[in-house]
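A short worksheet on the structure shown next.
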Amino acid sequence: MFTTLISEDELFIGFDNPEWIIFDVRYDLMDKNAGKDAYLQGHIPGAIYVDLHDDLSRPPSINGGRHPLPTIETMNILFAELGIRPNMQVVVYDDNGGSFAARLWWMLRYMQHKNVAVLDGGWQSWLTVDRPISRDVVARVSSEFKNSALASSVIDIEDVDKFERVIDSRDPARYRGDIEPIDKVAGHIPGATNRFWKENLTEAGIFKSKQKLKQEFDELFGNTRSENTVFYCGSGVTACHNLLATAHAGLNLPKLYAGSWSEWSSTPGKPVATEM
């Protein structure tokens, strides 16, 4: 079974297995309809579309960020609606380096479904080798999904200051406060360091090797154990890419501040830093 990444070749071998289920999570932060439109134009056969806004940020939620994380009960309902069964192999893909697919990957891992992997190279890798494409809209067939969440994996806004190693997953220009295209306030959480999620990828758009990622994360974490570090981003989405890369490197999952910068920057009294 695959628990972090799956290659295009590996997916092609197993994509029609009835014990596998594939989700298309393409999305565009600037155009909420773009992902669904792209799915309708063509997708991996059998793939079910999952929307970042309507599904992966479904209320009620546990934080006030721009893409708030659903409650445990809500996630159980969602995954049952999607037809995920125990021990089923889940494969998730997008067309943006895994940045949106990683959100669903992490949510399933958070809900202790281990057999979930992101397609390395995404939709582009499937197109490059001329694999079959479908335009059929695949209906969701409900199942039973009732899991508990991993304890202490999600950090509340009031707990962020308790951690020594807090890491911002956004573009360095947003981290520094040079620009802020989405949120009202520019900058970062004081004391946070920066690892842009795209640093997990090669120029070809696939993940770096396990060995390379481990080396980079070991340097990033220093003397702090991976499970005692906290990642955040703009709204709790691309931070999951860093969590996926950490797990792929063979390290324990860090914690996620799901509310991220969108919650922090809109909360009265929370300090903002702009220095490196």
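Residues that are in the same structural domain as residue 74 (by TED's automatic domain parsing): list the helices (runs of 4 or more DSSP H) wholly contained in the range 147-263 that include at least 2 such residues. Working first, answer last.
On the way: elements: 172-176, 210-221, 239-248.
Helices (runs of 4 or more DSSP H) meeting the threshold: none at all.
Of all residues in the range 178-200, those being in contact with a strand residue (DSSP E or B) (Cβ under 7 Å, 6 or more places away or on another chain) and more than 19 Å from residue 102 (Cβ to Cβ) number 7. Restricting the first member to the range 214-233 and to residues that are over 20 Å from residue 103 (Cβ atoms), and the second to residues that are of a type in the set (Ser, Thr, Tyr), the beta-carbon pairs closer than 6 Å and six or more apart or on different chains are 221/229. Considering only residues that are surrounded by 15 or more Cβ atoms within 10 Å (Cβ to Cβ), in contact with an Asp or Glu (Cβ under 7 Å, 6 or more places away or on another chain) and either modelled with pLDDT under 95 or among the hydroxyl-bearing types (Ser, Thr, Tyr) (or both), which ones fall in the range 42-94? If the condition is that a residue be surrounded by 15 or more Cβ atoms within 10 Å (Cβ to Cβ), in contact with an Asp or Glu (Cβ under 7 Å, 6 or more places away or on another chain) and either modelled with pLDDT under 95 or among the hydroxyl-bearing types (Ser, Thr, Tyr) (or both), then 49, 63, 65, 93 are the ones that fit. Set side by side, the residues 16, 9 differ, and just one is modelled with pLDDT under 95 and surrounded by fewer than 19 Cβ atoms within 10 Å (Cβ to Cβ), which is 16.
If we scan the range 35-55, do we find a residue that is in a helix (DSSP H, G or I), under 15 Å from residue 111 (Cα atoms) and touching a residue at least 40 places away in the same chain (Cβ under 8 Å)? Lay out the reasoning, then the answer.
Residues of the range 35-55 that are in a helix (DSSP H, G or I), as a first pass: 35-41.
Still in the running and under 15 Å from residue 111 (Cα atoms): none.
No: zero hits.
Does residue 102 satisfy being in a strand (DSSP E or B), within 21 Å of the chain's Cα centre (by Cα) and buried (at least 20 other Cβ atoms within 10 Å of the Cβ)? It is false that residue 102 is in a strand (DSSP E or B), within 21 Å of the chain's Cα centre (by Cα) and buried (at least 20 other Cβ atoms within 10 Å of the Cβ). Here the condition is being β-branched (Val, Ile, Thr) and more than 21 Å from the chain's Cα centre (by Cα); of 166, 91, 138, 160, it holds for 138 alone.
The values are calculated or read from the model by the stated rules, or taken from the named source; none is laboratory data. The structure presented is a predicted model; accordingly, all values stated were derived computationally and were not measured. For neighbour counting, all protein chains shown are included, and Cβ atoms are generated from backbone atoms with ideal geometry for every residue, glycine included.
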